Amino acid sequence: MFRHPTTPLLLTLALLCCHFAAPARAEAPPAPSLIPADAAWVMRMDMTKFSTSKFGKKMMELVDQERPGAMKGMEHLTQTLGIDPLTDLGEVVMFGTGFERSDVRIAIDLGEHPGNLEGLLIAAPGYASTDYRGDLLIHAIDSDDAKAVDPKAGKLYISILPHPTQARWVALAAHLEPNLKTMIDDVRDRKVRLADQPLAGNQFMHVALLRKPENLPAGNPQQANIANMIDAMELTGSVDEELSLTLSVKAINPARGRQMAQLMQGAIAGVQLAALNNPEAQRLGVLVQNIVVQHEEGSPAVSAVAKFTPDQLMDLRPDKLDL
């Protein structure tokens, strides 16, 4: 509903990372988070937790069956990068204090070593670099997203550094160099973590919208009507043997909460009805049967929970849906 202008991956959502006081006077307070208190949206993902789960392992088996050699290609990628993207990385965190492309900032927990990333960046289009703080490099590479921020510059700025208090390396990136320098200084001087706490339990993804854009996109009144009903929204993903996705919406009042629940239920029924008359949509109709809408009368909160097996998720591929 709130389509972020930077990339479909950002869509519209963000994670609330609160700063907690120390539970006892004798204990030191937790390190502050890289995510600022005035963040408008945040996205957090832990792909290692996903790929090492029962669900993730089964997914990789299915991918390898349908596309022989796919996992072998991943092995070559790991050798090139010097790190395994499926098992070495910690969290990937994206956030912004606004909704413009220039607000996007990215932080990646690379694990115990940085691999070959800084060497590989030299071959990236438009590569340039500068020294920073005596022992760090700021890399700049061409970026289509960055060109939308500054057509003359068109760069994505990246720095890779060891965390001062953790035996981990982090990669930081931003579309504006001053934003990157602020992130570097926060990690170096304030010793901030990427987020206050790790994702809980089997949760591998948490995306949340903390406040709506002040200026909603024009030209789509239906989208604007829905957007104006919403106060906050988040999407969480968890994995075990199944993938569980939960969309939680807080409407501006209980009446709008009831209306939002009806909208979700109607959308599900609409897809199922279309599946009856369109053989190509039947697979999608079966999938939406896994979605359960939850709402209590008098509450502004609404949630939609969907659970999928690995086989069902493979059916979500565009070439399988044939829509």
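The values are calculated or read from the model by the stated rules, or taken from the named source; none is laboratory data. Quick caveat, the model's predicted, so the values are computed rather than measured. Just the protein is used for accessible areas: all its heavy atoms, side chains included, with ligands, DNA and RNA removed. Shrake-Rupley method; radii C 1.70, N 1.55, O 1.52, S 1.80 Å.
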| query | Tell me, what is the Rg over Rh of segment 166-221, with Rh the Kirkwood radius over Cα pairs? | reply | 1.10
| task | Using only Cα atoms, locate the centre of segment 154-201 and the centre of segment 266-303, then give the distance between them in Å, rounded to an integer. | result | 40
| note | Quick note, segment 101-227: a/c under 1.5 would make it rounded; otherwise a/b > b/c is prolate and the rest oblate (a ≥ b ≥ c, C-alpha gyration tensor); here it is oblate
| task | Order the following by accessible area, largest value first: 190, 256. Probe radius 1.4 Å; ligands, DNA and RNA are ignored. | result | 190, 256
| request: Measure up 54/250; 250/307; 49/307; 72/155; 155/181 against 24 Å on the Cα-Cα distance and list the ones that go over. | output: 54/250; 72/155
| task | List, largest first, the extents of the alpha carbons of segment 223-276 along their principal axes, each in whole Å. | result | 36, 31, 18
| note | For 47, 183, the accessible-area ranking with a 1.4 Å probe, largest leading, is 47, 183
| said: Quick check: convex hull over the Cα atoms of segment 58-112, volume per residue in Å³, rounded to an integer? | reply: 133
| task | Leaving ligands, DNA and RNA out of it, work out the accessible area of residue 296 with a 1.4 Å probe and give it in Å² to the nearest 10. | result | 140
| task | Would you check the accessible area of residue 212, probe 1.4 Å, heavy atoms only, in square angstrom rounded to 10? | result | 60
| Area accessible to solvent at residue 260, 1.4 Å probe radius, in Å² | 0
